[in-house]
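This report concerns only the one structure given below.
Where a number appears in this text, it was derived from the coordinates with a stated rule and is not lab data. Please read all numbers here as calculations on a predicted model, not as lab measurements. Backbone-built Cβ (ideal geometry, glycine too); neighbour counts: all protein chains shown.
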Amino acid sequence: MKLEYLYGVLPIAVILVVWQLLPQLGIVPQQFLPKVSSVFYEIYTSALLGQGRYQLGANYLFTIERTLLGFALAAIIAVPLGIVIGSSRSVNRILEPTLEVFRPLPPVVLIPFFILIFGINDSMYVAYIAFGAVWPILINTIDGVREIEPLYLDLAKCLMMNKVRSFFRIRLPATSPYIVSGMRVSLLLALLVTVAIEMVTGHNGLGFSVVYAQEESDATTLYSVIVLLAITGYVFDLLFVQAENRFMKWYKLSQNLT
Amino acid sequence: MRILTDYLFIVAGVGVLLSILLIWQIVSITNVLPSTIFPSAYSVVLSFFSQVENGSVILAVIYTLSRLFEGYLFAAAIGIVAGISIGLNRLVNRSLDPLVQFLRPMPSVVLIPLAILYFGLVDSVIILIVTYASLWPILINTIDGVRSIDPLVIETANQLRITGLKRLRKIILPAAAPFIVSGLRVSLGIAWIVAVTAEMIGGIVSNGVGVSIFYYLNSGNLAPMYGAIIAVAIFAYFLNRILLVTQYRLMPWVARSSRMLDHEA
């Protein structure tokens with residue numbers, strides 16, 4: 001068991017060492033590949049201490065705030081809507097063509113539309129990110145509601161639960177694994193579209209910083225932003241993995257049984 | 001009777017889409033939103049058809065798609081081959097898993113400026129980043145697909161001495177295929193986002209639908225801008241549809257569970 005952990009650490013360690021040594025030994029010029037140590041030093045001074053002209057800390061907060069607000073708005077819209085659509089076969093069939101048209105649409109093409117309606121401000125960012133991130137939660141919730149074991153609903157009938165009670169005790173818990181796995185996809189999608197729109201609008205946020213750093217040919221800042229966002233994405237994903245393991249244990253067990 | 005209700009539902013479904021256009025038209029002509037920034041649905045549809053007629057919008061989408069597909073097909077080739085090799089070897093899988101899990105969630109558009117720094121403002125930057133971004137869902141799904149094979153099946157294959165190419169064709173690929181196709185669908189969505197974002201950042205390429213959309217926006221020519229957005233919607237819809245139909249046709253037995261696979265990716 002311990003040895004297996006080591007196996008996983010090894011490739012990452014090798015990459016970090018090579019990354020440090022290549023510029024250190026002058027094999028690759030530092031303006032192309034900065035040392036790992038200088039990247040982490042840059043993250044420390046610029047993001048944590050707020051020094052330097054890139055203000056990575058402040059821009060990082062912009063990005064995170066937008067991502068989380070957009071994600072939250074997407075979840076608030078998608079979960080109830082998904083339950084309504086999924087509960088009725090007719091509603092589902094009537095709305096399906098509309099969903100099928102809007103879902104594959106790459107959200108970036110609608111950036112001008114959101115700019116025209118809202119102007120470039122915080123509500124525009126949040127509305128746009130919510131639009132981009134809403135689909136996985138919505139589709140998953142619809143599927144989750146539709147694929148409830150009929151046995152569970154029969155059970156609710158046998159126990160003579162009323163509608164409200166059977167909703168909270170049966171439908172919602174049975175749908176929750178789908179909702180959580182949709183949210184996991186959505187949160188990372190929200191981060192992706194946030195950085196994308198920040199790069200395109202060039203206003204603030206890490207997406208702006210990274211374009212600015214490229215214009216200044218500042219590789220250290222470029223790598224700092226990339227590392228910061230990679231860690232953020234990893235932590236976001238890890239939170240959901242933990243949540244899935246914790247709250248959805250019964251679901252995973254039931255999946256293995258069938 | 002059943003066929004009749006099926007028809008009714010299709011008509012109602014298309015009706016919802018048309019009523020969105022109708023609401024758009026009403027909002028525009030009543031000036032709820034000023035028609036200067038929100039041209040009427042009618043003028044947008046007219047503009048769309050003339051853009052299709054003179055070929056400008058189709059050409060723009062094709063420029064975008066040619067770069068998108070180059071990257072996407074690279075990613076598919078690398079992802080499927082690497083995924084099968086990693087999935088078959090427990091030790092390799094164990095050691096690479098943390099690295100893969102770390103690289104996968106990173107918002108890949110952030111690599112576009114880095115690629116510009118290295119390679120300059122050239123087409124291949126977009127192809128490279130599309131490859132990188134669409135690699136992960138395909139790779140991870142392929143690994144999962146290979147690892148999902150029932151140990152009993154593997155055992156039987158061993159007993160029957162099914163090895164080499166035959167093992168790949170008869171056992172591994174059929175088991176992994178539904179996972180791979182669902183990875184391909186997730187990747188396609190991401191490839192679109194990356195390819196169009198890269199065009200919109202500006203300066204990398206001078207053609208493609210992302211470039212046209214911003215060109216029309218900046219010149220205040222909004223009807224053709226919406227026309228271009230509609231063109232993307234149509235292409236994105238049909239590409240997604242093609243993969244869906246492939247999934248249903250080739251693997252009808254997974255049609256249901258495959259939707260669950262999408263959620264996992």
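Here are a few things to note about the model shown:
- On the basis of the beta-carbon distance and an R0 of 56 Å, residue A:16 and residue B:246 show a calculated FRET efficiency of 0.85.
- Each residue of region B:178-191 was assigned a 3J(HN,Hα) from its phi angle through the Karplus expression (A = 6.51, B = -1.76, C = 1.60, θ = phi - 60°), giving x, 5, 4, 5, 6, x, 4, 5, 4, 4, 4, x, 5, 4 Hz with x at Gly and Pro.
- The order of A:201, B:156, going from fewest to most other C-beta atoms within 10 Å of their C-beta, is B:156, A:201.
- Residues in region B:113-154 that a label on residue A:28 would reach, taking backbone N under 14 Å of a point 7 Å out along Cα→Cβ: B:114-119
- Per-residue ³J(HN,Hα) for region A:88-98, Karplus 6.51 cos²θ - 1.76 cosθ + 1.60, θ = phi - 60°, Hz, x for Gly and Pro: 10, 5, 5, 4, 4, 5, 6, 7, 4, x, 4
- Given +1 at the Cβ of Lys and Arg, -1 at the Cβ of Asp and Glu and no other charges, the dipole of the protein assembly as shown around its Cα centre is 1760 debye to the nearest 20.
- If only the Cβ of Lys and Arg carry +1 and only the Cβ of Asp and Glu carry -1, the dipole of region B:39-264 around its Cα centre is close to 880 debye.
- Taking all pairs of distinct alpha-carbon atoms in region A:57-257, Kirkwood radius in angstrom: 18.6
- Cα gyration tensor shape for chain B, rounded if a/c is under 1.5, else prolate or oblate: oblate
- Zone of residue A:100's modelled label, taken as backbone nitrogen in region A:141-161 under 20 Å from a point 7 Å along Cα→Cβ: A:141-147
- At an R0 of 45 angstrom, the distance between the Cβ atoms of residue A:238 and residue B:46 translates into a FRET efficiency of 0.35.
- Simple spin-label estimate for residue B:159 and residue B:23 gives 6.0 nm between the two label positions (7 Å along the Cα-to-Cβ direction from each Cα).
- Extension reserve of the residue A:55-residue A:72 stretch, reckoned as 0.36 nm per residue once the Cα distance is removed: 3.5 nm
- Distance from the alpha carbon centroid of region A:201-258 to that of region A:34-57 works out to 18 angstrom.
- GNM result for chain A, Cα springs below 10 Å: residue of A:206, A:159, A:187 fluctuating most strongly: A:159
- For region B:101-168 versus region A:79-119, the spacing of their alpha-carbon centroids is 29 Å.
- Selection from B:179, B:116, B:151 lying farthest towards where the dipole of region B:114-265 points positive, charges on Cβ: B:151
- Approximate shape of the protein assembly as shown as ellipsoid semi-axes (Cα gyration tensor, √5λ), whole Å, largest first: 35, 34, 23
- Other residues lying with their Cβ under 11 Å from the Cβ of residue A:224 contribute a combined charge of -2, Lys and Arg counting +1, Asp and Glu -1.
- Relative to the globular-protein estimate of 2.2 N^0.38 Å, the Cα radius of gyration of region A:54-127 stands at 1.42.
- Applying 1/(1 + (r/R0)^6) with r as the Cβ-Cβ distance of residue A:161 and residue A:217 and R0 = 56 angstrom yields a FRET efficiency of 0.30.
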